[in-house]
Structures are given as structure tokens and as C-alpha cells.
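The values are calculated or read from the model by the stated rules, or taken from the named source; none is laboratory data. All values reported here derive from a predicted model rather than from experimental measurement. Here the Cβ positions follow ideal geometry from the backbone for every residue, glycine too, while neighbour counts run over all protein chains shown. These area figures cover heavy atoms from the full protein model, side chains too; ligands, DNA and RNA do not enter into them. Shrake-Rupley method; radii C 1.70, N 1.55, O 1.52, S 1.80 Å.
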Amino acid sequence: MTRFLNPSSDAALQKAAEELRAWGHSRQGLRVALIYGPVSAEDRLYHSKCPVEQRSVTALGAALEEIGAWWKVLDPCEPGFIIDLAGYDVALSNLHGPYDEDGRLQGLLDHLRVPYCGSGVGASAVAADKILCKRVMLTLGVPTSGWHVWSGDGPVTWNGRPVMVKPPFGGSSVGMSLVRDPADLPVALADAAGEEGAEVLVEE
């Protein structure tokens with residue numbers, strides 16, 4: 001297992017935090033649009049179940065205050081969102097799933113000439129589509145766990161090992177199932193395909 005942090009990371013993290021604070025103090029008046037709202041099914045679930053004080057948007061707001069940035073939560077579900085967004089120096093998204101992680105928000109921000117944190121349109125669009133992402137990784141020779149696509153017709157080959165059944169779009173909390181028994185597979189496939197009968201990723 002790869003370890004990205006180790007005991008020697010503490011000094012580097014401390015240095016990075018100090019540099020970030022210094023940068024923040026040099027940019028007093030920086031206006032940050034913190035984008036958050038119940039847009040996708042995943043965000044609606046999160047919004048309804050998670051207490052405000054435990055939400056990541058609350059922690060992000062506190063971190064922005066610590067570096068001296070002026071910020072405001074902008075909800076894409078509210079009228080005037082696009083007009084308000086155009087008045088900020090930088091955007092930080094806390095959305096998940098469609099309308100954010102799939103490149104659509106990034107395209108809007110590019111159009112408005114508002115800088116933002118995270119990947120651009122192309123990378124977001126590829127990474128948000130689980131099946132497309134697998135195909136790109138295969139083309140590039142990047143190792144991934146075994147997988148195949150179920151298109152709604154015919155049985156899925158069962159190799160005896162547990163599988164994750166995933167809808168092609170959305171985050172990690174909606175429509176996904178860990179299947180250990182082949183008898184549970186049809187229900188998992190139906191849940192992941194949804195009413196639209198989308199293709200489903202079956203991953204070892």
C-alpha cells in the first residue's frame with residue numbers, strides 16, 4: 001500500500017500551511033465563491049442527512065477565514081447564481097456528481113473567466129464517467145481492477161469474487177452496491193441502471 005504521508009511529512013505540511021497563510025495575508029480582500037447546494041442526488045442526500053456543523057462546506061469556510069479570505073456560499077439552485085458567481089475572484093466547489101464533477105460547472109466558470117480550484121473541463125468529464133475513465137486507463141496502460149460493462153441485456157459472468165456494481169455517473173453514495181452473492185446481482189444491476197436503463201460498471 002502506498003503511503004503518501006509519513007512522519008517526515010509534518011515539517012513539509014507545516015511549511016506549506018505557513019506559506020498558505022502568508023499568501024492569504026498578501027491577498028486581503030480575496031473574494032471566494034464557495035459553491036455548495038443540493039444539485040445532484042448525492043448532494044441532496046448529503047444535504048438532508050448531514051448536520052450543518054459536520055458538513056465539509058463548514059470546514060472549508062473556516063479554513064478560508066483562517067487565511068483571511070472573504071467568502072460566501074453560492075447555491076447553484078438559487079436564482080441569480082450565475083450573475084453572482086461572475087463577481088468573485090476565484091471559485092471553490094463543494095458539489096459532487098453531475099453538474100459539478102463532470103465538467104459542466106468548470107465550463108461555466110471558464111466561460112465567465114472565473115478561476116477555480118480542481119481539474120478542468122476535459123479531465124473532469126473523463127473522470128466523472130466511470131466507464132469512460134476505465135477505457136482511458138486501459139488505453140494508457142494504467143493498471144486497474146478487473147471490470148466489464150453490463151448494458152441491460154444478458155447475464156453477467158460471475159467469477160466467484162465480490163464485485164462493486166456502479167452507475168456510470170454520480171458519486172460514491174448513490175446506486176452503488178457491494179455484491180458477494182450472485183443471487184443479489186440482478187437487484188444491484190437494476191439499482192445501478194436506474195429508470196433510464198444506463199450501462200453499469202461491474203468492477204472486481
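The one condition from (1) within 21 Å of TYR46 (Cα to Cα); (2) open to solvent by 70 Å² or more (accessible area, probe 1.4 Å) that SER93 does not meet is (2).
From the list ASP181, ASP191, ASP153, which one is of a type in the set (D, E, K, R) and either closer than 25 Å to GLY103 by Cβ or at pLDDT below 85 (or both)? Talk me through it step by step, then tell me what you get.
Values: ASP181 fails: either closer than 25 Å to GLY103 by Cβ or at pLDDT below 85 (or both); ASP191 fails: either closer than 25 Å to GLY103 by Cβ or at pLDDT below 85 (or both).
Residue meeting the stated conditions: ASP153.
Looking at this structure, is SER177 closer than 30 Å to HIS47 by Cβ, polar (S, T, N, Q) and in contact with an Asp or Glu (Cβ under 7 Å, 6 or more places away or on another chain)? Criteria met by SER177. Would you mind finding the one in ALA183, ALA198, ALA188 that is part of a helix (DSSP H, G or I) and within 19 Å of GLU42 (Cβ to Cβ)? The conditions single out ALA188. Right, TYR88: surrounded by 15 or more Cβ atoms within 10 Å (Cβ to Cβ), hydroxyl-bearing (Ser, Thr, Tyr) and under 14 Å from ARG31 (Cα atoms) or not? In short, yes. Every condition in (1) open to solvent by 70 Å² or more (accessible area, probe 1.4 Å); (2) at pLDDT 90 or above; (3) on the phi > 0 side of the Ramachandran plot holds for GLY103 except the one numbered (1).
Can you tell me which residue is modelled with the lowest pLDDT among those in the stretch 25-65 that are among the hydroxyl-bearing types (Ser, Thr, Tyr) and more than 15 Å from the chain's Cα centre (by Cα)? Can you show your working first?
From the stretch 25-65, those among the hydroxyl-bearing types (Ser, Thr, Tyr) are 26, 36, 40, 46, 48, 56, 58; that's our starting set.
Checking the rest, the ones that are also more than 15 Å from the chain's Cα centre (by Cα) come to 26, 48, 58.
Details: SER26: 64, SER48: 75, THR58: 84.
Among those residues, the one meeting the criterion is SER26.
Within the stretch 70-83, residues that are farther than 18 Å from PRO38 by Cβ have Cβ atoms under 7 Å from residues that are outside any loop (DSSP other than H, G, I, E, B) and open to solvent by 70 Å² or more (accessible area, probe 1.4 Å) in these pairs: TRP70/ARG31, counting only partners at least 6 apart in sequence or on another chain.
Checked against the criterion of being open to solvent by less than 60 Å² (accessible area, probe 1.4 Å) and modelled with pLDDT under 85, the stretch 128-148 contains not a single residue that satisfies it.
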